Structure formats: C-alpha cells, structure tokens
Amino acid sequence: MEDDFDIGADDRTIEARSELRAVMKRMNDLPDEQRQPLLLVSIGGLSYAQASEVLDVPIGTIMSRISRARAFLNKEAAPQVPGIRSAT
Amino acid sequence: MTDYRNIEEKISAYLDNQMSEADRAAFEVEMDGDPELVARIERWSATDQLFASSIPTPSDAHLDALLSASSAANTNRWPGLRIAAMLAVFAFGGVGGYGLSQFTTNPQTTIIVQATMGATNSHRVFAAEKRHAVEVTADETEHLQTWLADRMGREMTVPNLSAFGLTFLGGRMLPFDDRAAAQYMYETADGKRVTLFMTRLDQDENTDVQVLEDQGLTSLRWQSGEWVFILTAPLAQQQMAPMQVEVRDTLL
C-alpha cells in the first residue's frame with residue numbers, strides 16, 4: 001500500500017534542511033579550538049569544568065571559546081573581550 | 001559570582017546550564033527587562049537544537065570499542081565524553097587528540113555527512129518495505145543498470161554478492177541534495193536487508209573505508225574519485241567487509 005509509506009521523523013522541511021546545512025557548514029568552518037569545547041559541552045554533555053580538564057585549558061578559556069563559537073554559528077560578530085579577566 | 005567577560009559568555013553559560021544559581025537568577029532578572037536579549041537567547045538555543053537533532057547516536061557497544069581502542073588517558077575519565085567522541089567521529093572528525101585520529105584522516109565535508117545520513121535514512125525507510133522496497137526489481141536488472149547509468153552519469157553495474165548469501169532485490173533512484181543518488185538493495189537468507197547508496201560529491205578523493213554504527217545499523221563508507229559509496233546493513237562490520245571489497249571492485 002502506498003499509504004504504508006512513512007517518512008515520519010525524517011520529514012524535515014526544506015527550510016530546516018537548508019538552515020541545517022548552513023549551520024553544519026559554519027560548524028565545519030570553526031577552528032578546532034572552538035569547535036571541540038562546543039561539541040563536548042553542547043552535544044557531549046560535559047560541564048565546563050570537565051571540558052576544561054579534557055582539553056587542558058582553563059575554564060575561562062572554555063567559556064570564551066564556546067561563546068565565540070556560538071556567536072559564529074549564529075552569524076553574529078565576534079564577542080568583544082576586555083583585555084584582562086579579573087578573576088578565574 | 002563567575003566573572004563573565006561579555007554577554008555572549010553569559011548566554012552560553014545559561015544555555016549550557018553552567019551558571020550558579022545566583023548567576024542564573026540575576027541573569028533571568030536581566031532577561032525580564034530585555035526582550036531583545038530573550039530573542040537572541042532563543043535564536044542561539046534554536047541553532048543548538050537544530051544541530052543536535054542532526055547528530056545520529058551510535059550504539060554504546062560501538063563507543064566502548066572506540067574508546068577502549070583509544071590510548072588517550074583522558075577518555076576514560078568522563079563517561080559523557082563518549083557521546084562527544086562519537087560525534088567527532090561521526091560528523092566532524094575534529095577531536096584528533098583523543099586517539100580517534102584513525103577516523104579523522106580524511107577531512108569530512110558537510111556533504112559526506114549528509115550523504116551518510118541520507119543513506120541510513122533511506123535504508124531505514126525502504127528496507128522496512130515489503131512490496132515497495134525497490135522501484136525496479138531484480139528481474140529487470142539490465143533496465144535498472146541502463147536507467148541509473150543514464151541518470152547518474154556513470155557505469156552502474158550491480159555488484160554480485162551471492163557469494164555472501166545475498167540476493168539482489170533491485171534498486172531505486174533517490175534525490176540527494178540537488179542531484180540523483182542510487183540505492184541497490186539485497187537480502188540475506190534470513191531476510192535482513194543490505195543497501196548500497198551511491199551519489200556524486202563535489203570533490204575528488206579516494207578514501208579508506210570508514211565504519212559507522214548507528215542504532216543497530218552498520219555503515220561502511222568510502223569515496224572513490226567523486227563518488228561516495230555507503231553500504232548499510234543490520235550486520236556486523238566483519239561480515240560486511242568482504243561485501244565491501246566486492247562492491248568496490250565492481251563499481252571502481
């Protein structure tokens with residue numbers, strides 16, 4: 001039966017597909033140092049502290065790289081950063 | 001109080017659930033008075049979700065195998081890393097420092113990831129079909145080969161996998177991105193379906209076979225020139241390896 005044909009969960013709209021493709025393209029364009037902490041945290045479910053240990057960089061750096069990665073994925077300008085972090 | 005250097009760090013920490021209770025409460029007060037900020041957070045969150053929804057999750061067994069093969073000490077320490085490691089392997093090949101570099105020797109382009117998703121999705125959809133599993137059945141193999149060769153712009157000989165106990169069922173054309181893809185379907189003696197997905201990519205490359213496992217399906221993927229081939233089945237990798245050799249030799 002033709003009616004049995006079930007696309008179900010794979011039925012993304014064309015728009016969502018092209019947006020997904022754009023996001024994946026930007027994800028590919030990210031430098032590793034930004035993509036890794038973002039993936040570890042947002043997909044991998046690690047805390048900033050865990051990502052910091054895994055990647056062996058300070059938590060403040062994790063936070064900064066993740067926020068820069070997200071700004072890029074959302075086509076926003078790179079976040080402005082003051083020269084000195086007052087505490088870590 | 002964590003020292004956030006800018007609003008972007010706050011938004012990220014908020015989305016990642018990494019704010020202390022006090023910071024979160026203060027940020028939510030900030031959001032209350034700033035609809036633009038709320039809209040921005042929602043946009044960022046939607047992007048996160050869009051991306052996360054596109055990432056398939058392979059089996060725990062596969063991840064265990066990957067990580068036990070890894071020599072990096074850090075990978076054993078955080079169970080959550082298993083998921084991130086999977087992601088890197090499957091989609092972006094980026095976490096080379098974790099002993100997963102054998103999977104990352106070829107840069108993965110978006111379109112290869114999409115082709116893999118297309119192949120496994122098509123497998124799930126059509127392998128479940130009884131009467132409509134294929135568009136052109138095996139008794140019209142000659143027609144199928146001619147038709148697909150015409151549409152795909154390459155020779156499309158059906159690989160003979162009978163030596164591995166597979167019966168050829170037929171094939172179909174599928175849309176992929178802005179072009180055509182082809183799917184050939186086989187069946188094992190006990191009714192398991194094996195599919196071969198083929199499409200043209202934008203770049204010429206020759207790769208080794210990459211193995212991907214996702215929710216009960218094993219996919220072997222390789223690229224030969226501008227063509228990518230993805231062999232998918234609910235079978236063990238070792239069982240599929242000789243089939244892959246035969247397919248590659250036939251459709252070189």
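The values are calculated or read from the model by the stated rules, or taken from the named source; none is laboratory data. Bear in mind the structure is a predicted one, so any value in this text is a computation, not a measurement. Virtual Cβ from ideal backbone geometry, glycine too; neighbours counted across all protein chains shown.
Numerical summary
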item	result
Which numbered condition B:E226 fails, given (1) in contact with a strand residue (DSSP E or B) (Cβ under 9 Å, 6 or more places away or on another chain); (2) closer than 13 Å to B:L161 by Cβ	(2)
Residues of the range B:206-245 classified as of a type outside the set (V, I, T) and either surrounded by fewer than 16 Cβ atoms within 10 Å (Cβ to Cβ) or outside the structural domain of B:M173 (by TED's automatic domain parsing) (or both), total	13
Filter result for B:A26 (at pLDDT below 90 and either assigned to a helix (DSSP H, G or I) or more than 13 Å from every other protein chain (Cβ to nearest Cβ) (or both))	no
Criterion: under 20 Å from B:E135 (Cβ atoms), over 11 Å from the mean Cα position of the chain (by Cα) and at pLDDT 90 or above - qualifying residue of B:T188, B:T199	B:T199
Condition met for B:A149 (under 19 Å from B:T120 (Cβ atoms), free of Cβ contacts under 8 Å to residues at least 40 places away in the same chain, hydrophobic (A, V, I, L, M, F, W, C) and exposed (fewer than 15 other Cβ atoms within 10 Å of the Cβ))	no
Pairs with Cβ under 7 Å, 6+ apart, first in the range B:171-191 and in the same structural domain as B:T141 (by TED's automatic domain parsing), second among the charged types (D, E, K, R) and assigned to a strand (DSSP E or B)	B:R179/B:R200; B:Q183/B:R172; B:M185/B:R193; B:E187/B:R193
Residue satisfying all of: in the range A:43-60; touching a residue at least 12 places away in the same chain (Cβ under 8 Å) and either within 7 Å of chain B (Cβ to nearest Cβ) or outside any loop (DSSP other than H, G, I, E, B) (or both); nearest to B:N17 (Cα to Cα) among these	A:Y48
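For every residue, the table says whether it meets (1) at pLDDT below 80; (2) closer than 30 Å to B:V211 by Cα.
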{"position": "B:D3", "(1), (2)": "no, no"}
{"position": "B:E9", "(1), (2)": "no, no"}
{"position": "B:E30", "(1), (2)": "no, no"}
{"position": "B:S45", "(1), (2)": "no, no"}
{"position": "B:D48", "(1), (2)": "no, yes"}
{"position": "B:I55", "(1), (2)": "yes, yes"}
{"position": "B:S59", "(1), (2)": "yes, yes"}
{"position": "B:H62", "(1), (2)": "yes, yes"}
{"position": "B:L66", "(1), (2)": "yes, yes"}
